[in-house]
Amino acid sequence: MTDNTEGVVLQLSSGFQPYREYLMRGAAARGPLWLIDDEPAGWQQPYIAGSSVVLPLEGAGLALDIDRLLAVADSIARIHGVRGVFTYDEPSVVAAALIADRLKLPGLTAEGAQGCRDKARTRQALTDAGLPQPEFAVATTADEAATAAATIGYPVVVKPRGMAASIGVAVVDDASGIVEAFERADSSSRSGPAEYQGGALIEELVDGPEISVDGAVVAGEYQPFFVAHKQLGAPPYFEEIGHIVDGADPLLTDPELRKLLQSAHEAIGTPYGITHTEIRFSSKGPVVIEVNGRLGGDLIPYLGKLATGIDPGAILVDVARGNRPYLEADHRTCVGIRFCYPPEDARVVKISVPEPGAVPGLVEAHPMVAEGATVRLPPRAHIGRHAYVICTANDPATCADRLTAAAELVELKYDALNESDYSGRPW
């Protein structure tokens with residue numbers, strides 16, 4: 001690549017092509033991208049001006065070689081110029097913030113990124129700001145977890161400090177289950193970044209339905225652009241089995257929710273960036289559960305794009321450059337996703353999915369694992385999905401009904417694993 005007078009926007013990590021290519025396509029339409037990833041570019045080539053490889057630190061889980069990463073970013077800045085940096089990859093959130101700080105670019109800031117990644121730090125910042133929060137404690141041993149739970153009062157939620165996608169999270173109803181839940185969260189944490197390994201967060205259970213909000217912060221001003229209503233699996237786990245995004249959701253303009261979101265981002269210290277905030281509507285009002293320093297997973301931004309026409313990839317680049325993103329929808333409809341799980345721990349033999357239109361509103365259906373893959377359910381593993389369906393409708397209730405009908409058409413042939421002594425991670 002020759003020098004570009006406009007400069008490039010750095011992208012950290014690209015993810016799995018079937019679930020992330022739409023983001024790279026939208027981002028690339030805004031200007032030249034330079035990808036920094038842990039392996040050479042392949043499918044990403046049509047969307048990038050160039051790429052660099054930075055390997056994770058050997059033996060440190062998902063930790064990046066930060067010194068090497070900053071040196072690579074410095075080199076790209078000298079040769080090509082860098083106008084922004086972004087990531088939609090959870091383990092790369094802090095690294096992206098460090099690069100932004102180093103190159104004096106808009107970003108979450110290192111402190112703000114740490115405030116998002118570390119759930120205990122998030123909880124403390126929001127509590128200090130006077131925002132409604134559950135009572136909580138950090139436990140490093142099972143005994144500390146039991147003491148904290150008894151002090152807070154059952155039921156409690158036990159979660160790792162630095163994981164995402166509800167991995168290792170469970171509700172515990174009484175003292176008989178606290179040790180097992182702590183050990184599960186502690187074990188789950190050890191498959192994540194080194195700085196968040198070990199221990200667990202013990203929290204008061206917040207009742208009520210849950211949503212997630214993808215939003216942009218520019219010069220300290222928070223703007224939501226997608227609201228997703230979560231469907232959770234059977235307790236005691238918080239497995240997210242589906243989401244519905246309504247392009248005309250009244251929560252997008254709800255003044256109480258907007259004020260809470262703005263205050264939460266100010267408390268954590270995120271002057272620029274893209275965030276995915278989880279909110280529970282408790283009997284006492286809305287409560288912030290988490291603020292994540294990246295777009296939502298589970299194809300939520302893709303649902304938002306289908307529901308509104310707003311391109312989340314373009315938003316990533318706009319905010320990375322410090323520009324207020326264009327958030328005007330060109331249409332508004334409901335779009336939902338439903339994930340399919342086997343009835344028991346399984347080795348997949350064959351997956352058959354319905355064609356679009358097989359039920360009204362069905363637009364996509366895809367397997368998520370290959371034949372021969374093993375799929376395990378909580379508590380042995382999390383995100384044990386074998387397929388998903390996406391449906392559209394004019395309203396959320398109809399969308400939910402269509403998702404149920406479409407999911408029933410997914411056929412799974414499998415062999416039961418029957419692993420009574422399975423001891424893999426995270427459990």
Pairs of lysines in the chain (C-alpha under 23 Å apart; 8 or more residues apart or interchain): 11
Average projected area [Cα convex hull, the range 208-330], square nanometres: 7.3
The chain, relative contact order in percent, only Cα pairs under 8 angstrom and at least six apart counted: 15
For the chain, alpha-carbon Rg and Dmax in angstrom: 21.2, 64
Residues whose placed amide H lies under 5 Å from that of Leu10, excluding near-sequence neighbours: Trp34, Arg83, Gly84, Val85, Phe86
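Just from its helices, what would the mean residue ellipticity at 222 nm be for the chain, if runs of 4 or more DSSP H residues each count -39500 (n - 2.57) and the sum is divided by every residue, rounded to the nearest 500 deg cm²/dmol?
Working: 11 runs with 122 residues, N = 427.
One gets -8500 deg cm²/dmol as the mean residue ellipticity at 222 nm.
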Relative exposure of Val85, Val8, judged by other C-beta atoms within 10 Å (fewest first): Val8, Val85
The range 8-105: C-alpha gyration tensor shape, a/c 1.5 cut-off, then a/b vs b/c: oblate
Over the range 333-427: Kirkwood hydrodynamic radius from C-alpha pairwise inverse distances, Å: 14.0
Cβ-based charge dipole, the range 333-427, positive-most Cα from Ala397, Gly361, Thr374: Thr374
Computed lengthening from Asp143 to Ser352, 0.36 nm per intervening residue step minus Cα-Cα distance: 70.5 nm
Listed residues Leu201, Ala139, Met24: farthest to the positive end of the dipole of the chain (Cβ charges): Met24
Potential lengthening between Ala234 and Asp67 on full extension [0.36 nm per residue; Cα-Cα distance subtracted]: 55.8 nm
Extension gain, Arg25 back to Asn418 (0.36 nm per residue minus Cα-Cα distance, nm): 137.3 nm
Positive-end extreme of charge dipole, the range 232-375 - chosen from Thr333, Gly233, Gly269 (charges on Cβ): Gly269
Hull-based mean projected area of the range 75-165, where the convex hull spans the alpha carbons, in square nanometres: 7.9
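Take each of the peptides 403-415, 284-296, average the number of other beta-carbon atoms within 10 Å over its residues, and list them starting from the highest.
On the way: 403-415: 17.5, 284-296: 21.8.
Most protected by this proxy first, the peptides run 284-296, 403-415.
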Residue-wise HN-Hα coupling along the range 381-386, computed from phi with Karplus coefficients 6.51, -1.76, 1.60 (Hz; x: Gly, Pro): 7, 10, 6, x, 9, 10
DSSP-loop GluC sites (Glu not before Pro) across the range 322-394, with at most 16 other Cβ within 10 angstrom: Glu328, Glu344, Glu371
Cβ-placed point charges (K, R +1; D, E -1), dipole of the chain about Cα centre in debye, nearest 20: 800
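Any read-out appearing in this document is the output of simple, stated calculations on the displayed coordinates, not a laboratory observation. Model, not experiment: these values are computed from the prediction. Glycine also receives a Cβ, built like all others from the backbone with ideal geometry; neighbour counts cover every protein chain displayed.
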